[in-house]
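Below: one structure, written as structure tokens.
Only the coordinates and a few stated rules stand behind these numbers; no lab work does. Computed from a predicted model, the values in this text were never measured in an experiment. No Cβ is skipped: glycine too gets one built from the backbone with ideal geometry, and neighbour counts run over all protein chains shown.
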Amino acid sequence: MTDDGPASHARRPSRADRPARSAGSTRSGRTRWLAGGAAAAGAGLLGLLLAAQVGASPACAAPPVGGGTHQGKATFYDAQGQGGNCSFDSAPADRMYVALGPAEYADAAACGGYLDVTGPRGTVRVVVMDQCPECAAGHLDLSREAFARIADPVRGIVDVSYRAVVDPPTGPLAVRVKEGASQWWFAVRVTDHGNPLATVEARTGSGWRGLVRHDYNYWLADDGLGPGPYSLRVTDVYGNRATVPGVQLAPARTQQTDVRLYGGGSGSGSGSGSRSSGSSSAAGGSGADRSGDRSTAAQTTSTAEPPSPGPTPTGSASPGPSPTAGAAGPGAAASPSTVPVAAPADPPPACG
């Protein structure tokens, strides 16, 4: 079994979790426009230029969080409809997305979070969908459409300010078990959470087990979790927590739920969310403690993605001879309750 993720900004060898790149794209599947409309300029030179202007912080890797405002630069590129290094099924329909450099992408910790970016023309809200390996901290690589909202694309590079959006409006959680998963090897992606995620856990016979996040935005249990169904417990960086029971071992299928990580929602089982009283509220959040049961069984809808045939450059997970002790079994979804989490007094620091 391979521990595989998509080819995208990450400059890895091609992976079949996404379609082949078009002939006109760069080696990462990104097409960038610079001043004067020139396409596909040297990414390395641009990275050096922006590193000098913004200042990289390689030792610091954390997603932008909280209500603080950061200063930086913005360029733009085209993801060609693909879901980027965050392994989304596709780019968002409104094409409002951004790629972050390694210091702020932080091995996928930023995936699914939102930023408000302000430039000469105004402000645009974008979702973090991708990684830009050559981008320094503070360098935002926006979609062309998002860039056009804040500046004339002819300029190519502009000064911007940006801030994380706390508790942005978002739909109920969706989960996708990765193609190739089995009771011996498990990987799951969680989307539509709004705030960056801190942890994803799975219920096993011995309690909650933390899954390991990989830089293509899947959470793994290399020795598997048994045959399922599973309960997943999701916690964001601000201490919001929700439990999703009834996740099926249905590889390559997106399972929609009625569970929201915070805020109200319609649908049976949706509630107001749970936040620890110890967590802080940054600008954009309500600051109120929340409680309620948001746990509902996941309902599966199919997505069309082929299995991944290629090896991974980051190692592989081999099937074991038997399920691990305490692995989740058919009764794993029995507890639908939402449990408050002891959150840190302040959200994690941002780089840059």
For this session: Subtract the Cα-Cα distance of Asp152 and Asp89 from 0.36 nm times their separation in residues, and report this length gain in nm to one decimal.
Result: 19.7 nm
Exercise. Measuring from label point to label point, each 7 Å out along Cα→Cβ, what is the Gln256 to Ser206 span in nm?
Worked result: 3.8
